[in-house]
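The values are calculated or read from the model by the stated rules, or taken from the named source; none is laboratory data. Here the structure is a predicted model, which means the values were calculated and not measured. When we count neighbours, we look across all protein chains shown, and the Cβ atoms used for this are built from the backbone with ideal geometry, even at glycine.
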């Protein structure tokens, strides 16, 4: 009996020993399998990284700015490019590329296709490449199977950034035998549109166009204007209303551009000079500045947005009564109104400039380096610069030159190189100049000579760099 019991215990021990061995064997096998699987995953990722470019630079001994050019790497689309283009005229036909990969493991091979020369080569990492057109990289990992393709491009400005390109719009401005034309941007019913007012053989007309479609003008009805001629060249927008004087020195206003009413409390208006915008920080109200005939003398006067008039000093003999180019602008948080050129009561054509901060007190700046005498010039604040274009000189000859001032009208420089009017642009005066939100400068109509009909042309220009994508 004892012998039988010992035999049974021995068999049980052997059985337990076998189970323990099998348990540890299984654990080891599972651990080994897990480790091998992890190695496979890391191995695949390493190969994928081996094909991906993590940094890209270019250099050329004659192009120092190229070494600091930043490149964007789009891993999804496989594109590498510089967002900030190199200067116009930069020659990039022999450029050395430097490439860094996400994995430091040696590559299998790199094929390069240069679009400019049309060849394919196995790139050794030091050969210069022609980047006048895109260059494509085809990277093969060290497994000989995994691949990644990139298109690399070196952007260079294709136009002179500071040059101004002009084009004649392919539309004839509306109106039959127009003797006077004025275009303004005016908002009605929360919609901004171009309003064109013309004086034609049968009277005054209004044409309206969308700011997005200057090729389509619709004729609109005009009501309330006097029988006496109105001075459309002095048409001015002030506090969401349009104002225009008549030849008998009456002032008319319109809130919609179509229906006009007499401003009952206005003085006799010799001319409208322009607008001073409201200063919210200084709590200074806006003002419509005019020259009024008071007690037989010409005096400065202004109207605030509530319709209250104020009188200023007597207008000096050398001040422009007509034909000046007005510009409203802000300098050092103060609103100002600036006038360039014009014609005095004595008939003198000026090269002077005048400015005011209230419409009642004016100061002549007399620029030390100015523009030539002119009336009927166009003026705009464009590219943070005062621009004056065209006008009639003291002999009545039309001009097409451009003067620019970067110091708010103190000094002026004749633009004679990259910012000039094209050869087929006719010299003219009394052109409506409007700058839109896309930095396009529009020139509507204008006169080639005094007494001639208004030109039926629209010219649009822009300095190239202002059209570059930000």
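Table: residues versus (1) within 23 Å of residue 85 (Cα to Cα); (2) surrounded by 13 or more Cβ atoms within 10 Å (Cβ to Cβ); (3) modelled with pLDDT of 85 or more.
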position	(1), (2), (3)
107	no, yes, no
118	no, no, yes
132	yes, yes, yes
142	no, yes, no
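Does any residue of the stretch 176-185 turn out to be surrounded by fewer than 16 Cβ atoms within 10 Å (Cβ to Cβ), more than 30 Å from residue 208 (Cα to Cα), in contact with a strand residue (DSSP E or B) (Cβ under 9 Å, 6 or more places away or on another chain) and in contact (Cβ under 8 Å) with a residue 60 or more places away in the chain? Checked against the condition, which is being surrounded by fewer than 16 Cβ atoms within 10 Å (Cβ to Cβ), more than 30 Å from residue 208 (Cα to Cα), in contact with a strand residue (DSSP E or B) (Cβ under 9 Å, 6 or more places away or on another chain) and in contact (Cβ under 8 Å) with a residue 60 or more places away in the chain, the stretch 176-185 yields no hits at all. Here residue 201 meets each of (1) free of Cβ contacts under 8 Å to residues at least 40 places away in the same chain; (2) under 21 Å from residue 240 (Cβ atoms) with one exception, condition (2).
Among the residues of the stretch 403-443, the ones that are without any contact (Cβ under 8 Å) to a residue 40 or more places away in the chain, closer than 15 Å to residue 211 by Cα and out of contact with any helix residue (DSSP H, G or I) (no Cβ under 8 Å at 6 or more places or on another chain) come to 2 in all.
Quick grid of which residues meet (1) surrounded by fewer than 20 Cβ atoms within 10 Å (Cβ to Cβ); (2) outside any strand (DSSP E or B):
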| position | (1), (2) |
| --- | --- |
| 420 | yes, yes |
| 454 | no, yes |
| 460 | yes, no |
| 466 | yes, yes |
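Residues satisfying the criterion are absent from the stretch 253-263 (criterion: buried (at least 21 other Cβ atoms within 10 Å of the Cβ), within 29 Å of residue 198 (Cβ to Cβ) and in contact with a helix residue (DSSP H, G or I) (Cβ under 8 Å, 6 or more places away or on another chain)).
As a summary of the residue check, residue 373 satisfies the conditions (1) over 17 Å from residue 273 (Cβ atoms); (2) in a strand (DSSP E or B) except for the one numbered (2).
Selection of the stretch 322-348 for residues being more than 34 Å from the chain's Cα centre (by Cα) and at negative phi yields 344, 345, 346, 348.
On the given criteria, is residue 197 in a strand (DSSP E or B), under 20 Å from residue 227 (Cα atoms) and in contact with a helix residue (DSSP H, G or I) (Cβ under 6 Å, 6 or more places away or on another chain)?
Values: in a strand (DSSP E or B): yes; under 20 Å from residue 227 (Cα atoms): yes; in contact with a helix residue (DSSP H, G or I) (Cβ under 6 Å, 6 or more places away or on another chain): yes.
Considered against the rule, which asks whether it is in a strand (DSSP E or B), under 20 Å from residue 227 (Cα atoms) and in contact with a helix residue (DSSP H, G or I) (Cβ under 6 Å, 6 or more places away or on another chain), residue 197 comes out as yes.
Could you say whether any residue in the stretch 383-402 is within 22 Å of the chain's Cα centre (by Cα) and closer than 18 Å to residue 169 by Cβ? Yes, because at least one residue in the stretch 383-402 is within 22 Å of the chain's Cα centre (by Cα) and closer than 18 Å to residue 169 by Cβ. Can you find even one residue in the stretch 146-169 that is under 24 Å from the mean Cα position of the chain (by Cα) and within 30 Å of residue 223 (Cα to Cα)? No, the stretch 146-169 has no match at all. Just one of the listed residues (289, 266) is in a loop (DSSP other than H, G, I, E, B), crowded, with 19+ Cβ neighbours inside 10 Å and touching a residue at least 12 places away in the same chain (Cβ under 8 Å), namely 266.
Within the stretch 384-392, does at least one residue satisfy the condition of being assigned to a loop (DSSP other than H, G, I, E, B) and surrounded by fewer than 19 Cβ atoms within 10 Å (Cβ to Cβ)? Yes, the conditions are met somewhere in the stretch 384-392. Restricting the first member to the stretch 239-254 and to residues that are in contact (Cβ under 8 Å) with a residue 12 or more places away in the chain and at positive phi, and the second to residues that are surrounded by fewer than 19 Cβ atoms within 10 Å (Cβ to Cβ) and in a strand (DSSP E or B), the beta-carbon pairs closer than 6 Å and six or more apart or on different chains are 249/268.
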